[in-house]
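Below is one structure, written out as structure tokens; the observations come after it.
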Amino acid sequence: SVTLNDTALAWRSFYAATGDGAALDRAVAAVERAAALEPADTIAAQNAADLLAEAALRDVIGDAIDLHAMRLHANLGMVAFLYADAASREAVVARIVAHPRIRSAVRLLDRVVLMAPDHAGALSTLASIHTLAGDAARLRALAARMEGRQPDVADCKRNSLAAYRGEEDPAARDDAER
């Protein structure tokens, strides 16, 4: 499973460098296999969920945003740039929520939260997806799970600091060195 996870990360880096969507699809396939082989591994499940969500959002974004030219990974924050009014927002959100990879990502994130109830990354992503979807019932259920708990933000803090330093993204590291 570690080899598959590392393979997925390599394909994701290749996707980031080239914009080749097939590379991201290969990353998703590898990390999904890793998560399936080790169902109790929250890291593999979180990585799979992250890549599934990114690939789904890339599909929905399509040519509306040139992710490669902007050196960006697809994320939920980009959704607001995909619509001009309430009707087009509703259509975009419906496409995202119905996307099979988003559905798979939510299932994996639910599994992560079940095994690691304080996992801030999984909780945050679930909350963002359910908020986007306007799914009040799932948001209430998530809030109930968190009642009296404190999310563990240590990983989020470490990953954010690494990203700010350009340590995780070779392209960002190259830009920082210029």
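Residue pairs whose Cβ atoms lie under 8 Å apart, separated by 6 or more positions or on different chains, with the first residue in the range 71-90 and among the hydroxyl-bearing types (Ser, Thr, Tyr) and the second outside any loop (DSSP other than H, G, I, E, B) and surrounded by 15 or more Cβ atoms within 10 Å (Cβ to Cβ), are Tyr83/Arg89; Tyr83/Val92; Ser88/Leu82.
A quick yes/no check of all residues on (1) without any contact (Cβ under 8 Å) to a residue 40 or more places away in the chain; (2) open to solvent by less than 30 Å² (accessible area, probe 1.4 Å); (3) not in a helix (DSSP H, G or I):
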position: Thr3; (1), (2), (3): yes, no, no
position: Trp11; (1), (2), (3): yes, no, no
position: Ala16; (1), (2), (3): no, no, no
position: Val60; (1), (2), (3): yes, yes, no
position: Asp63; (1), (2), (3): yes, no, yes
position: Arg103; (1), (2), (3): yes, no, no
position: Arg107; (1), (2), (3): yes, no, no
position: Pro117; (1), (2), (3): yes, no, yes
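Close contacts from the range 126-137, counting a first residue that is touching a residue at least 60 places away in the same chain (Cβ under 8 Å) and over 15 Å from Ala80 (Cβ atoms) and a second that is open to solvent by 30 Å² or more (accessible area, probe 1.4 Å) and assigned to a helix (DSSP H, G or I), with Cβ to Cβ under 6 Å and a gap of 6+ residues or different chains, come to none at all. If you go through the range 68-97 and pick out every residue that is more than 15 Å from the chain's Cα centre (by Cα), surrounded by 14 or more Cβ atoms within 10 Å (Cβ to Cβ) and either at pLDDT below 95 or not in a helix (DSSP H, G or I) (or both), you end up with 3. Screening the range 1-18 for residues that are at pLDDT below 90 and of a type outside the set (A, V, I, L, M, F, W, C) and picking the one that is nearest to the chain's Cα centre (by Cα) gives Asn5.
Within the range 149-164, the set of residues being open to solvent by 80 Å² or more (accessible area, probe 1.4 Å), within 16 Å of Leu123 (Cβ to Cβ) and not polar (S, T, N, Q) comprises Arg149, Asp152, Val153, Lys157.
The values are calculated or read from the model by the stated rules, or taken from the named source; none is laboratory data. Because the structure is predicted, anything quoted here is derived from the model rather than measured. Every residue, glycine as well, gets a Cβ built from its backbone with ideal geometry; the counts of neighbours run over all protein chains shown. The accessibility values were calculated without ligands, DNA or RNA, using every heavy atom of the protein model including side chains. Shrake-Rupley method; radii C 1.70, N 1.55, O 1.52, S 1.80 Å.
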